[in-house]
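Notes follow once the structure below has been shown.
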Amino acid sequence: MPLTPPIPSIPGYEDGPLVEGDRHLDDPLFWPVHLASCLRGEDAEEAAFGADWDAATELHRALFTEHAWPVFDVPLRSGHTVHVVYRDIDGDRGVDYLIHHPSWPAAETLATDDGHFMGPGTAWHELVAVADQPAATGVTDADARLLLLFPTLGDTSLPDDAAPRLTAALDALTAIEEPAEVAAMLLEHQGQWGPADWRRRDGVWINDGGHSYRNPANPFALPGGRLREISAALNGEHLHPGEHGATGTP
């Protein structure tokens, strides 16, 4: 008899009926559905979904159900894990991007992709760094990791290789006929909050986004120590002894 997969658990996020979402990763249609909030206008949607619009609508309904919230885990080599959760509370639907370390009492929110969006949660170089970190559990494929966290992006300074990298991921995992065209549309608008300027201050990557938890100027920003630890984890950097789990100002 096959073993029943363990029920996912995220400290500080216990109110939802979490279930493993990995079965969706091999569905080429999952990816344009996941990226739908970053597709602005009918031309972008048509390029991404083509003749699969009805099937995409059904998949969207299946992903958002009050009795089962799909979770996708993206482990980092620092020991942190980024959790992507499809949340549905009495019709309040959205995708939460959380990050947690076993030493923390509760997960922190990187970004929220819904009608009351919060972000950006990552810069482009961080998306690439996370995608390329090896993992033995959770989402292990680099292209899948890149697309899964793409909706957290907001970055005004995209490198020249951003479009080819995103195009390659779309080409590998989706049935989109013109992946380069869709990649260009996605990078033009990025997440719901739009691009932000990122800079490194005292070794910590922060941004100027008005809706971002990683902008220290915002009253709701994450504490300084968390910003430092999250920045290091996403970028694959090593924290010095004593910095892990700190809460001071960066």
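The values are calculated or read from the model by the stated rules, or taken from the named source; none is laboratory data. Quick caveat: nothing in here was measured; it's all calculated off a predicted structure. Please note: Cβ atoms are built from the backbone with ideal geometry, for glycine as well, and neighbour counts cover all protein chains shown. Protein only, heavy atoms only, side chains kept; ligands, DNA and RNA dropped before computing areas. Shrake-Rupley method; radii C 1.70, N 1.55, O 1.52, S 1.80 Å.
Considering the alpha-carbon set of the stretch 170-239 alone, what are its Rg and its Dmax in angstrom?
15.7, 44
Keeping the other protein chains in place, figure out the carbon and sulfur percent of the accessible area of the stretch 110-188, with a 1.4 Å probe.
Values: 1560 of 2990 Å².
Using a 1.4 Å probe with all protein chains present, the stretch 110-188 comes out at 52 percent carbon and sulfur.
Please give me, ordered by residue number, the GluC sites (Glu not before Pro) of the stretch 1-84 that lie in loop per DSSP and have at most 12 other Cβ atoms within 10 Å.
On the way: sites: Glu14, Glu20, Glu42, Glu45, Glu46, Glu58, Glu66; in loops: Glu14, Glu66.
Those satisfying the criteria are Glu14.
Excluding ligands, DNA and RNA, what is the solvent-accessible area per residue of the stretch 35-97 at a probe of 1.4 Å, expressed in Å²?
Details: 2880 Å² over 63 residues.
About 46 Å² of surface per residue is accessible.
Arranged from highest to lowest average of other beta-carbon atoms within 10 Å per residue, in what order do the peptides 215-225, 145-155, 199-209 appear? Could the numbers behind the result be given before it?
Details: 215-225: 15.0, 145-155: 25.6, 199-209: 17.2.
Listed from highest to lowest mean packing, they are 145-155, 199-209, 215-225.
Calculate, in whole percent, how much of the Cα-Cα pair population of the stretch 1-91 lies beyond 21 Å. Could the numbers behind the result be given before it?
Values: 1726 of 4095 pairs.
Of the Cα pairs, 42 percent sit more than 21 Å apart.
Counting each DSSP H run of 4 or more residues in the chain as -39500 (n - 2.57), what helix-only mean residue ellipticity at 222 nm follows after dividing by all residues, to the nearest 500 deg cm²/dmol? Intermediate results must be reported in sequence, preceding the final value.
Values: 8 runs with 74 residues, N = 250.
One gets -8500 deg cm²/dmol as the mean residue ellipticity at 222 nm.
Give me the extension gain from Asp54 to Asp202: residue separation times 0.36 nm, minus the current Cα-Cα distance, reported in nm with one decimal.
Values: separation 148, 0.36 × 148 = 53.28 nm, distance 4.91 nm.
Contour length minus the Cα-Cα distance gives 48.4 nm.
Roughly how many whole Å is it from the C-alpha centroid of the stretch 181-207 to that of the stretch 103-120?
So the two Cα centres are separated by 16 Å.
Give, to the nearest whole percent, the P(r) tail of the chain beyond 26 angstrom, counting all Cα pairs. It would help to have the intermediate numbers written out before the result.
On the way: 11235 of 31125 pairs.
When all Cα pairs of the chain are counted, 36 percent exceed 26 Å.
When the expected Rg is taken as 2.2 N^0.38 Å, what fraction or multiple of it is the alpha-carbon Rg of the stretch 116-203?
Values: Rg = 13.1 Å, N = 88, 2.2 N^0.38 = 12.1 Å.
That works out to 1.09 for the stretch 116-203.
Roughly how many nanometres apart are two label points built 7 Å out from the Cα toward the Cβ at His67 and Asp92?
2.2
When only the heavy atoms of the protein chains count and the probe is 1.4 Å, how do His67, His24 rank by accessible area, highest first? Kindly include the intermediate steps, with their values, before the conclusion.
Numbers: His67 145, His24 15 Å².
My answer, sorted largest first, is His67, His24.
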